[in-house]
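Q: The structure is given below, and queries will be raised subsequently.
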Amino acid sequence: MQPTGAEFFDGETAGRHSVFVALSKDRQALEITGQTLPGALQWKLPDLRALHDTADPSRLILTRLAETTDEAPRDPARLVIHDPDLIAWLHRTRPNLFKQDLHKGTGRKAVKYAAGAVVAALMMLFVILPAMANTLARILPIEREIAFGKTVTAQMERVLGGTRIGALHCDDPAGNAALQAMLRRLTAGQQMRYDIELQVLDHPMINAFAAPGGQVVILRGLLDKASGPDEVAGVLAHELGHVEARDATRNALRAAGSAGLLSMLIGDFTGGALFAILGEHMINASYTRDAEGQADAFALRMLDNSGVSATGFAAFFDVIDAELGGLELPGYLATHPVTAERAEQARSFAESQSDTNPILNRAEWQALQRICD
């Protein structure tokens, strides 16, 4: 191989050296010579490494494997070759030319750092975010929480198919009167944190939910499926328990934080959003189950204080169990305790009650069932 012109940068100064490159006599190294160099340099062929970040295919920028304290074991010096024959020969004969070298122990460090990152993420998800959500829920002004809750219920109405705010609102006067009578009896003598805003939406789903700021929504499907007013009263008392505990506000803050953090960790690749949603659901499921259990206990106390039998509450769980066909979500995905267990808890509580009577009379119950007519 005849000497060919090249450019050399020592990596310590900004100066460029015009040099000649040729194979050493033993053909085991590239020999670099030049008038401005202090002497001939020899770079062993097995140590040669090429840079990946060159945008000009007509040149090859070489460095060499060397022990350094930098992130990669590379000599700071650079050799820029323009001879196409030499470039082709190096590509053909040097299989490690583009090898990514790492310092010894780099793998262990990477595992250590990854483990630390996982621990930090778990701390954020399971300790710091819940604590922050609890703190923010406590200090959030009531009036802002109420405004937030109204926005949530409006959005839920849109999700349920409402074309405008109020489109699904059931407002039969007699039905609303019966609904308010139920609420007054449940809350009589109770020191409630909020003025409860209770409404029924015209949707067939068997459900009810509490939104931030004292907003409680019952869906028509629940009224259609219930066999009596005490079932609805049990569900309403349960949702009032969520209201008093500010569960909706706390869960909204926690969910926003955990979903955001998971999105950052997982990234915005195809399916990433789905994994973030599932991950957020699994993380918050345990907190939701705890809140559901506490809301059940609150509901049983409220029913007892109102002189309403908890048998209806137990019957509602039987209805849900029948709707599910006896199936339950796995414990790590279910956001509610197992319905059979909740029904048994309510039924056992009802056996200890005395002096109870239906929360609505027959005419009021019929009016409530026709609230969406």
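The numbers here are math on the coordinates, done by the rules we state, and not lab data. No experiment lies behind these values; they were computed from the predicted model shown. Backbone-built Cβ (ideal geometry, glycine too); neighbour counts: all protein chains shown.
Q: Got the relative contact order for the range 4-93 handy, in percent, Cα pairs under 8 Å and 6 or more residues apart? Walk me through the numbers on the way to the answer.
A: On the way: 160 pairs, mean separation 23.1, N = 90.
Rounded, it is 26 percent for the range 4-93.
Q: Another question about this same structure. I need the calculated FRET efficiency for the pair ARG108 and GLU12, taking r as the beta carbon distance and R₀ as 41 Å, to the nearest 0.05.
A: On the way: r = 31 Å, r/R0 = 0.77.
With a Förster radius of 41 Å, E is 0.85.
Q: Next question, about the same structure. Can you list the residues of the range 156-195 with backbone N under 19 Å from a point 7 Å past the Cα of GLN353, pointing along Cα to Cβ?
A: The answer is 179-191.
Q: Provide the FRET efficiency to the nearest 0.05 for the LYS99-LEU37 pair, computing r from the beta carbons and using R0 = 30 Å.
A: 0.65
Q: What does the charge add up to near ALA211, with Lys and Arg as +1, Asp and Glu as -1, over the other residues with Cβ less than 12 Å from its Cβ?
A: -3
Q: Could I ask something else about it? Stretched out fully, how many nm does the piece from ARG158 to GLN366 gain, at 0.36 nm a residue minus the Cα gap?
A: Extra length from ARG158 to GLN366 when fully extended: 72.1 nm.
Q: Same structure again: Report the full-extension gain for the segment ALA340 to ASP56: residue separation times 0.36 nm, less the Cα-Cα distance, to one decimal in nm.
A: Taking 0.36 nm per residue and subtracting the Cα distance, the gain is 95.2 nm.
Q: Report the calculated FRET efficiency for ASN305 and ILE165 (r = Cβ-Cβ distance, R0 = 45 Å), to the nearest 0.05.
A: Working from the Cβ atoms, E equals 0.85.
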